[in-house]
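Engineer: The structure is given below, and queries will be raised subsequently.
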Amino acid sequence: MMGNQMLEAETWVAIAFVIFLAVLGYLKVHKMLIKGIDDRRDRIKAELDEARRLKEEAQALLAGYQRKQQEIERAAEGIIAGAKADAERLAAEAEAKLQDFIARHTKMAQERIAQAEAQAVADVRSAAADAAVAAAGTILGRKVKDKVADDLLTEGIAALSDKFN
């Protein structure tokens, strides 16, 4: 009996299981399960598509920013190159102005030296003329007397002054 009871219990479980499956089939639970799985698949696919689209947008933005960065770097290099060229040009101009300044001041100094030399020569000649006139006056004053001496002295002094000045 026990074997029959067991057999009977297993049979009832099997029958109950078949009835359960039939009820599930009648209620179309399998279609609801498939629909739920399909809906979930569609939702996951949409999320994946959205993720791909966002990734592509991010890559496009990244590429755009990289292009802008390269353009900015090129512009910065151009600005730096221009600044270096300007600095070199300004340095060359400053050097040229400095050389011109030095040349002008050297020329002015040489002209002043030449003027001082010319003035010194003129002063020496003037002093020599004055000394010669004084010496001639003294010599003539000792040797020549009276009116003749005065006339000769005056003429000699005038002639010497004209020659030296």
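Engineer: Per-residue HN-Hα couplings for region 37-52, Karplus 6.51 cos²θ - 1.76 cosθ + 1.60 at θ = phi - 60°, whole Hz, x for Gly and Pro?
Structural biologist: Karplus values, whole Hz, x for Gly and Pro: 5, 4, 4, 5, 4, 5, 5, 5, 4, 5, 5, 5, 4, 4, 5, 4.
Engineer: Determine Rg/Rh for region 2-118; Rg is computed over alpha-carbon atoms and Rh is the Kirkwood hydrodynamic estimate from the same atoms.
Structural biologist: Rounded to two decimals, Rg over Rh is 1.93.
We did not get these values from a lab; they are worked out from the coordinates using the rules stated. Keep in mind it's a predicted model, so treat the numbers as computed, not measured.
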